[in-house]
Structures are given as structure tokens and as C-alpha cells.
Amino acid sequence: MIRLAKIKTYLIKKWKCILFISIFSLVTYFAFLLIMWNFTLAGACDSFFINAALFIGIGILQIIGNCGTFDLLSYSTSKFIDSYRHEPHYKEGFGLLDYKESKATKRSGNRWNFIFYEVNGALYLIGAIICFSML
């Protein structure tokens, strides 16, 4: 019962993220349906598969990013942009290790953000399989 209470409070805290992903997924589904200009069952099936691949892929990238894989790339990009700014974002002497530590504290609360993308992708994959079985 304690876990259900934790899950409920987490979902209430992240309701904006869930709402955004749901609306974005519907918009992308209809956008792919309109781009392909195929309003048959096969077109709907294709749109379901494209959305499933898109959201599962975004979820996997979120998992990889939460591990700190892209820290070197984001740090070097931000330092490159800072070289052209009048007032740099990072102080002198702020290194990659400091950047990784600051990101680690920020990531500790957002560890499960990928789950919304994965659930949404799985729902679209189930829809695609059902749609494909009707063909």
C-alpha cells in the first residue's frame, strides 16, 4: 500500500508532463496520418507504428541521458556557447566534473521521467498490432 501512495503522489506531481505527452502524441499521430494522406486502415496502422517507434525511442534516449551519457557533449556545447557570450554562464574553473555533479543532483528527482514515453509508445504499439491484425 505504501508503494501505491508513492506512485499516486508522483503521478499527481507530474500531471503536466503526462498531459503534454498525451496531447503531443495525439498531434503527432494525426500529423503522420495527414502527411501520408492515406486515410485507410493501413494508413492508421502505419501512423500507430511510427508513433510507437518515436515514443519508445525518445524513452530509450531519456534512459541513456539519465545515466549521464551525454554530459560531455552538453558541457562542451555550453562552454562553446559561453565563449561567445558577453557574460559567461559558467564561472572560470568550472570543469566537467563540477558539471557532472551538478547534473547528478538534478537527475535524482527525475529518474523515472522516461516511463511516460515508454507507456505511451507501448499503447501505440498495441494499437498498431490490433490495427495490423484487422488487415
Aspartates and glutamates near Lys100 by alpha-carbon distance under 18 Å, same-chain residues fewer than 8 away left out - which ones? Asp71, Asp82, Glu92
Helix 71-82 versus the longest principal axis of the chain: what angle, 0 to 90°, nearest 10, using Cα atoms? 60 degrees
Per the helix-only calculation at 222 nm, which mean residue ellipticity applies to the chain, given -39500 (n - 2.57) for every DSSP H run of n ≥ 4 and division by its residues, nearest 500 deg cm²/dmol? -26000 deg cm²/dmol
Taking a straight Cα-to-Cα line shorter than 20 Å from Lys8, and setting aside same-chain aspartates and glutamates fewer than 8 residues away, one finds Glu118
On the first, second and third principal axes, largest extent first, how far apart are the outermost C-alpha atoms of the chain in Å? 62, 46, 22
If R0 is 41 Å, what FRET efficiency do you get for Leu26 and Leu96 from their C-beta distance, rounded to 0.05? 0.55
Helix 2-13 sits at what angle to the longest principal axis of the chain, using alpha carbons and giving 0 to 90 degrees rounded to 10? 80 degrees
At a temperature of 10 °C and a viscosity of 1.306 mPa s, determine how fast the range 50-113 diffuses translationally according to Stokes-Einstein, using the Kirkwood radius over alpha-carbon pairs as Rh; express D in µm²/s, rounded to the nearest whole number. 118 µm²/s
Contact order relative to length of the chain, as percent, for alpha carbon pairs under 8 angstrom and 6 or more apart: 41 percent
Using Cα-only point scatterers and the Debye equation, what is log10 of I(q)/I(0) for the range 30-84 at each q in 0.15, 0.23, 0.28 Å⁻¹, rounded to two decimals? -0.62, -0.82, -1.00
Please give me, ordered by residue number, the GluC sites (Glu not before Pro) of the range 50-135 that lie in loop per DSSP and have at most 10 other Cβ atoms within 10 Å. Glu92
What is the angle, in °, between the Cα long axis of helix 15-36 and the longest principal axis of the Cα atoms in the chain? Nearest 10 is fine, range 0 to 90. 50 degrees
Is there a quick way to get the dipole size of the chain? I mean about its Cα centre, with the Cβ of Lys and Arg at +1 and of Asp and Glu at -1; what is the value in debye to the nearest 20? 640 debye
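Read the figures in this text as sums done on the coordinates, not as results from a lab. Keep in mind that what you see is a predicted model, and the values were worked out from it rather than measured. Here the Cβ is made from the backbone with ideal geometry for all residues, glycine too, and neighbour counts use every protein chain on show.
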